[in-house]
Amino acid sequence: MATGQRGFDRNPTDYGDPEFARYLRRSFVKSMGYSDDMLDRPVVGICHTESGFNNCHRHFPEMIAATGRGVLAAGGLPVPFPVMSLGEVFLHPTSMVYRNLMAMAVEEMIRAQPMDSVVLMGGCDKTVPALLMGAISAGKPAVLLVAGPMMTGRHRGERLGACTDCRRFWAAFRAGDIDHAEIRQVEGRLAVTSGTCAVMGTASSMALIGETLGLSLPGTASIPAVHADRLRAAETTGQVSVALANAGYPVPRDLVTQASVENALRVLLAVSGSTNAVIHLSAIAGRAGVRLDPDRLNALSEATPVLVDLKPVGTGYMEDFHAAGGLGAVLRELADSLHSECRDVLGNQISDRIRAQDADPVDRSVIRTVTAPVSPVGGLIALRGSLAPDGAILKRAAATPELLEHEGRAVVFDSLRDLSERIDCPDLDVEPDDILVLRNAGPRSPSGMPEAGYLPIPKKLAARGVRDMVRVSDARMSGTAFGTIVLHVTPEADLGGPLALARTGDRIRLSASRHRIDLLVPDDIMERRLAEREEAETPGSAAERPTRGYRRLFHDHVLPATEGCDLSFLR
Ligand code: FES
């Protein structure tokens with residue numbers, strides 16, 4: 001690497017005199033007490049997302065220290081720097097709106113600041129996608145280090161883990177099965193350590209996707225947050241980042257290819273991962289010029305068995321998954337169907353990794369074989385039909401099997417506010433066979449595509465023992481949730497898709513076997529409704545559209561869910 005292009009000498013501040021800029025920067029850097037020896041080393045940025053508003057990342061100071069130790073041991077200079085954090089439950093209206101803002105911050109800070117490689121430290125749902133999207137666009141060598149999952153708690157003899165059990169207990173509370181005192185007790189037992197949600201939700205799905213894409217070190221995705229191995233993984237990640245800084249490659253875009261994206265999709269299906277991960281993988285792939293095709297998703301889903309028995313669909317937690325063999329065990333089972341030539345940050349092919357796995361026995365109660373899987377087909381499918389001409393998604397593994405082929409009467413809610421005002425009304429006209437529909441909750445809606453697709457079962461039906469209904473929306477659903485839930489309906493209602501024209505009383509038919517979701521309303525009636533809608537002064541949520549700032553940028557440029565909800569000008 002030529003002198004003047006490395007470490008703190010990169011990207012001089014623009015004064016019209018590069019030598020002055022170098023001299024000035026070194027003098028300011030020296031104010032931090034670095035020796036000349038340190039300043040001659042390659043600089044590894046540690047891009048981290050620690051924040052008082054992010055419980056999942058509260059162990060990051062320790063991880064940053066361990067990463068820095070590895071960087072120093074390998075001859076580099078570690079320079080931690082913060083980017084905005086996205087604590088899933090701390091953001092209004094939803095973290096999804098801010099994923100792209102964080103991706104922009106990551107990209108610009110990696111590009112603008114002087115570093116030769118970067119460690120990307122995140123974990124909570126949107127942080128890993130944002131880190132990867134930004135790093136792909138920034139084009140510097142990068143390695144991902146995730147937070148790792150949290151441990152489970154205990155309540156009256158049973159294990160609890162955020163946040164599938166959060167929803168289960170809340171449903172029981174709504175149905176009157178547990179009282180106020182118990183739900184308060186449960187509240188303190190659901191999330192008991194640092195780390196990401198304890199089940200195969202979005203954070204865990206994205207950690208596995210990152211590792212499958214080759215962007216993090218093998219075996220690191222599922223190490224529990226509080227395990228000493230996570231600190232050792234941080235130290236090794238630091239060492240590897242120095243090798244990347246010296247070599248100048250690979251950059252993330254070298255690793256995110258059509259083939260590696262397909263491998264990631266296969267893993268997502270085999271672990272029965274989150275529906276949100278499809279959006280995020282689509283956005284990550286889009287930054288590398290790779291398109292995620294819904295028909296290909298369905299083809300892979302029909303040919304990929306579910307191998308892991310974890311919540312929200314099964315019984316185990318992420319700590320069990322890691323102890324059972326982790327991603328390595330899943331990759332070995334999928335070996336025959338993976339693109340084995342795909343490489344990771346170390347330069348190794350997936351086939352090398354599969355061959356090199358040591359022979360720790362796999363716990364088959366958690367990670368099954370392809371010959372005796374949890375399910376013979378993948379957990380997720382894409383849907384199309386007259387209600388979702390451009391697509392929708394269904395986590396069939398989380399659905400009630402009898403509802404996967406279902407026709408029912410629509411009960412339509414026009415917005416989140418409408419939903420919250422009416423869902424529990426004693427006089428709501430709703431029966432267990434009806435299909436609950438929520439609209440104006442897509443990416444362009446005022447709520448920015450919240451995890452509201454898990455519509456609550458109306459209280460009066462919950463009290464009658466109803467635990468699942470078909471629910472349809474242009475919203476998302478938490479990766480930790482379950483039910484027969486059609487999500488990401490595209491075009492979203494805000495864009496005037498058929499979802500905007502559905503009315504209470506219409507018939508809707510879901511057919512998972514045919515990959516279809518249809519609104520059974522004749523064309524001439526739909527045309528009349530469309531004309532009426534266009535005549536209305538403020539169709540959909542127009543009256544609430546953002547007028548300024550990032551929210552306006554997001555609204556005006558966000559791509560549909562089927563294309564990953566990235567901003568159109570960032571692809
Ligand atoms: Fe951070 Fe669930 S709240 S991963």
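Bear in mind that the values in this text are calculations on the coordinates, not laboratory data. A quick note: this is a predicted structure, and the numbers were derived from the prediction, not measured. Note that we place each Cβ from the backbone using ideal geometry, even for glycine, and neighbour counts take in every protein chain shown.
The table for this structure:
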{"quantity": "Sites R467 and F90 - FRET efficiency at Förster radius 41 Å, r taken between beta-carbons, to 0.05", "calculated": "0.90"}
{"quantity": "Kirkwood Rh and Cα Rg combined as Rg/Rh, the stretch 185-242", "calculated": "1.05"}
{"quantity": "Partner lysines for K460 [C-alpha distance under 19 Å; skip if fewer than 8 residues away on the same chain]", "calculated": "none"}
{"quantity": "Relative frequency of Cα-Cα separations exceeding 19 Å in the stretch 52-103, percent", "calculated": "43 percent"}
{"quantity": "On Cα atoms only, tilt of 127-138 relative to the major axis of the chain in degrees", "calculated": "50 degrees"}
{"quantity": "Order of C166, C197, C47 - criterion: other Cβ atoms within 10 Å of each residue's Cβ, fewest first", "calculated": "C166, C47, C197"}
{"quantity": "Rough spin-label spacing in nm, given labels placed 7 Å along Cα→Cβ, for E108 and E19", "calculated": "3.3 nm"}
{"quantity": "Exposure proxy ranking, count of Cβ atoms within 10 Å, fewest first, for S473, S351, S117, S301", "calculated": "S351, S301, S117, S473"}
{"quantity": "Per-bin percent of Cα-Cα distances, the stretch 435-519 [10 Å]", "calculated": "18, 49, 30, 3"}
{"quantity": "Fully extended contour minus Cα-Cα distance, from A531 to E407, at 0.36 nm per residue", "calculated": "41.9 nm"}
{"quantity": "Likely footprinting exposure, L436, L132, L404, fewest C-beta neighbours within 10 Å first", "calculated": "L404, L436, L132"}
{"quantity": "Cα gyration tensor category, rounded, prolate or oblate, for the stretch 196-329 with a/c compared to 1.5", "calculated": "oblate"}
{"quantity": "Degrees, to the nearest 10: 164-174 long Cα axis against longest axis of the chain", "calculated": "30 degrees"}
{"quantity": "Using alpha-carbon coordinates, inclination of helix 276-287 to the longest axis of the chain, degrees", "calculated": "50 degrees"}
{"quantity": "Spin-label model distance (nm) - H180 vs H155, 7 Å beyond Cα toward Cβ", "calculated": "1.7 nm"}
{"quantity": "C-alpha center-to-center spacing [the stretch 201-225, the stretch 110-162] in angstrom", "calculated": "9 Å"}
{"quantity": "Cα-only Debye scattering, the stretch 1-157: base-10 log of I(q)/I(0) at q = 0.11, 0.16, 0.20 Å⁻¹", "calculated": "-0.49, -0.92, -1.24"}
{"quantity": "Extension gain, R291 back to K460 (0.36 nm per residue minus Cα-Cα distance, nm)", "calculated": "56.5 nm"}
{"quantity": "For the stretch 121-184, the Rg and Dmax computed from alpha carbons only, in angstrom", "calculated": "18.3, 54"}
{"quantity": "Cα centroid separation, the stretch 233-287 to the stretch 385-420 (Å)", "calculated": "31 Å"}
{"quantity": "Estimated 222 nm signal from helices in the chain, with DSSP H stretches of n ≥ 4 weighted -39500 (n - 2.57), rounded to 500", "calculated": "-10500 deg cm²/dmol"}
{"quantity": "Rg/Rh (Cα only; Kirkwood hydrodynamic radius) as it applies to the stretch 402-559", "calculated": "0.96"}
{"quantity": "Hydrodynamic radius of the stretch 376-419 per Kirkwood, over alpha carbon pairs, in Å", "calculated": "12.7 Å"}
{"quantity": "Range of Cα positions in the chain per principal axis (Å), largest first", "calculated": "75, 57, 48"}
{"quantity": "Normalised contact order of the stretch 1-58, rounded percent, pairs of Cα under 8 Å and 6 or more residues apart", "calculated": "30 percent"}
{"quantity": "Over the stretch 296-426: Kirkwood hydrodynamic radius from C-alpha pairwise inverse distances, Å", "calculated": "17.9 Å"}
{"quantity": "Isolated Cys residues of the chain, judged by Cβ distance under 4.7 Å to other cysteines", "calculated": "C47, C197, C342, C425, C565"}
